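A.B. asks: My questions will all concern the structure given below.
The values are calculated or read from the model by the stated rules, or taken from the named source; none is laboratory data. Note that the structure is predicted; figures quoted are calculated from it, not measured. Cβ placement follows ideal geometry from the backbone for every residue including glycine, while neighbour counts extend to all protein chains displayed.
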Amino acid sequence: MVPVVLAVSALLAACQSGEAGSPAANTVSPPAVVSSPPAAGTDTAAKVVVLDPGHNGGNARDPAAITKPVPAGRGQTKPCNTTGTATDAGYSEHAFNWDVAQRVGARLSAKGIRVVYTRTDDSGTGPCVDERAAIGNRERADAVVSIHGDGSDSAGAHGFHVAYPSPPLDAEQGEPSVSLARTLRDTLRTAGFAVSNYLGRDGLAPRGDLAGLNLSERPAALIECGNMRDAGDAAVMSEPAGRQRYAEAIADGILAYLG
């Protein structure tokens, strides 16, 4: 897991942004909308944030389901989903994404934000990339943030980048999405995370090939938190304390964006 990058096809094979959509087969999990209510005493008319933990723990068990083509926007199709990557020690991207998303959601909910997740657990299959985008659209989310880890085998490749839809297909894919991406980039960098040295520019990556971004009608961004195949990034991503750091920086970025 860009027009701004060299050798993009090899990098995409590692993560594929594991986005989601309409069930690709009977075995694909139904659309998951799990809402975390605002904390007691907060405004019930809270803003809505959709968190999309990429991939899923059961994807590898059902290749027929997750390889079925689904709409990906801009006239493209993509596989329903992918398995994601892992560290060299075997810590999976889907588990990292799920854990960080739960931590982000807890922090946002405590601030009075209604949080919606695109999947219910880390043991199912899917949902497909187009359905994950549809969840954010149906919920009329104030922000949609997809959480991933990358899997580049390029020597020395490390750091995070934040993708946004480009060129924009509607108003929400324009400045709102760019602003969300920039704000997330800034809070991750402030938290001490290094920007990617192999993909994107200055921590940002305009993308026209990711279904979750192409199909979104809400402000949306996708974070590749680090390269799970890099020893340094993997060490941080594999530890609960490291995942908490990521979660706090991402939540702070969302809060700053929402103002």
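A.B. asks: Restrict the check to the range 103-125 and report whether at least one residue is modelled with pLDDT of 95 or more, buried (at least 24 other Cβ atoms within 10 Å of the Cβ) and of a type in the set (D, E, K, R).
C.D. replies: Within the range 103-125 (the criterion being modelled with pLDDT of 95 or more, buried (at least 24 other Cβ atoms within 10 Å of the Cβ) and of a type in the set (D, E, K, R)), the answer is yes, since at least one residue qualifies.
A.B. asks: A further question on this structure: Applying the selection to the range 52-76, what residues are of a type in the set (A, V, I, L, M, F, W, C) and either in contact with a Phe, Trp or Tyr (Cβ under 8 Å, 6 or more places away or on another chain) or surrounded by fewer than 21 Cβ atoms within 10 Å (Cβ to Cβ) (or both)? Give the derivation first.
C.D. replies: Taking the range 52-76 and keeping what is of a type in the set (A, V, I, L, M, F, W, C), we get 60, 64-66, 70, 72.
Scanning the range 52-76 gives Ala60, Ala64.
A.B. asks: Do we have Arg189 as assigned to a helix (DSSP H, G or I) and surrounded by fewer than 23 Cβ atoms within 10 Å (Cβ to Cβ) here? Before the answer, list the steps.
C.D. replies: On the way: assigned to a helix (DSSP H, G or I): yes; surrounded by fewer than 23 Cβ atoms within 10 Å (Cβ to Cβ): yes.
It is true that Arg189 is assigned to a helix (DSSP H, G or I) and surrounded by fewer than 23 Cβ atoms within 10 Å (Cβ to Cβ).
A.B. asks: I've got another one for you. Mind checking which pairs have a first residue in the range 212-238 that is over 15 Å from Leu199 (Cα atoms) and a second that is at pLDDT below 95 and part of a helix (DSSP H, G or I), Cβ under 8 Å, 6 or more apart or different chains?
C.D. replies: Gly212/Ser17
A.B. asks: In the range 173-185, how many are in a helix (DSSP H, G or I) and surrounded by fewer than 17 Cβ atoms within 10 Å (Cβ to Cβ)? Can you show your working first?
C.D. replies: Initially, the range 173-185 is screened for residues in a helix (DSSP H, G or I), giving 173, 175-185.
Still in the list and also surrounded by fewer than 17 Cβ atoms within 10 Å (Cβ to Cβ): 175, 179.
So the answer is 2.
A.B. asks: Suppose the filter is polar (S, T, N, Q) and closer than 18 Å to Phe96 by Cα; does Ser146 pass it?
C.D. replies: yes
A.B. asks: Suppose we filter the range 77-101 for residues that are of a type in the set (Val, Ile, Thr) and surrounded by 24 or more Cβ atoms within 10 Å (Cβ to Cβ); how many remain? Walk me through how you get there before you give the answer.
C.D. replies: As a first pass, look at the range 77-101 and keep what is of a type in the set (Val, Ile, Thr): 77, 82-83, 85, 87, 100.
Narrowing further to those that are surrounded by 24 or more Cβ atoms within 10 Å (Cβ to Cβ): 82, 85, 100.
Residues in the range 77-101 being of a type in the set (Val, Ile, Thr) and surrounded by 24 or more Cβ atoms within 10 Å (Cβ to Cβ): 3 in total.
A.B. asks: Here is a follow-up. Looking only at residues in the range 136-160 that are out of contact with any Phe, Trp or Tyr (no Cβ under 9 Å at 6 or more places or on another chain) and not charged (D, E, K, R), which one is farthest from Leu258 (Cα to Cα)? Break it down stepwise before answering.
C.D. replies: Taking the range 136-160 as the starting set, the residues that turn out to be out of contact with any Phe, Trp or Tyr (no Cβ under 9 Å at 6 or more places or on another chain) are 136-141, 144-146, 151, 153, 155.
Filter once more, so that each one left must be not charged (D, E, K, R): 136-137, 141, 144-146, 151, 155.
Working: Gly136: 16, Asn137: 17, Ala141: 11, Val144: 11, Val145: 13, Ser146: 16, Gly151: 30, Ala155: 37 Å.
Among residues in the range 136-160 that are out of contact with any Phe, Trp or Tyr (no Cβ under 9 Å at 6 or more places or on another chain) and not charged (D, E, K, R), the one farthest from Leu258 (Cα to Cα) is Ala155.
A.B. asks: Within the range 136-172, how many residues turn out to be surrounded by fewer than 23 Cβ atoms within 10 Å (Cβ to Cβ) and in a helix (DSSP H, G or I)?
C.D. replies: Adding up the residues that qualify gives 4.
A.B. asks: Also, quick follow-up: Scan the range 103-116 and give yes if some residue there is closer than 18 Å to Pro127 by Cβ, out of contact with any Lys or Arg (no Cβ under 7 Å at 6 or more places or on another chain) and part of a strand (DSSP E or B), otherwise no. Talk me through it step by step, then tell me what you get.
C.D. replies: Residues of the range 103-116 that are closer than 18 Å to Pro127 by Cβ, as a first pass: 105, 115-116.
Pick out the ones that are also out of contact with any Lys or Arg (no Cβ under 7 Å at 6 or more places or on another chain) and you get 105, 115-116.
Okay, now just the ones that are also part of a strand (DSSP E or B), so 115-116.
Taking every residue of the range 103-116 in turn, at least one turns out to be closer than 18 Å to Pro127 by Cβ, out of contact with any Lys or Arg (no Cβ under 7 Å at 6 or more places or on another chain) and part of a strand (DSSP E or B).
A.B. asks: Next up: Would you call Ala251 buried (at least 19 other Cβ atoms within 10 Å of the Cβ), in contact with a Lys or Arg (Cβ under 9 Å, 6 or more places away or on another chain) and more than 24 Å from Asn81 (Cβ to Cβ)?
C.D. replies: Values: buried (at least 19 other Cβ atoms within 10 Å of the Cβ): yes; in contact with a Lys or Arg (Cβ under 9 Å, 6 or more places away or on another chain): yes; more than 24 Å from Asn81 (Cβ to Cβ): yes.
Judged against the criteria, Ala251 is a match.
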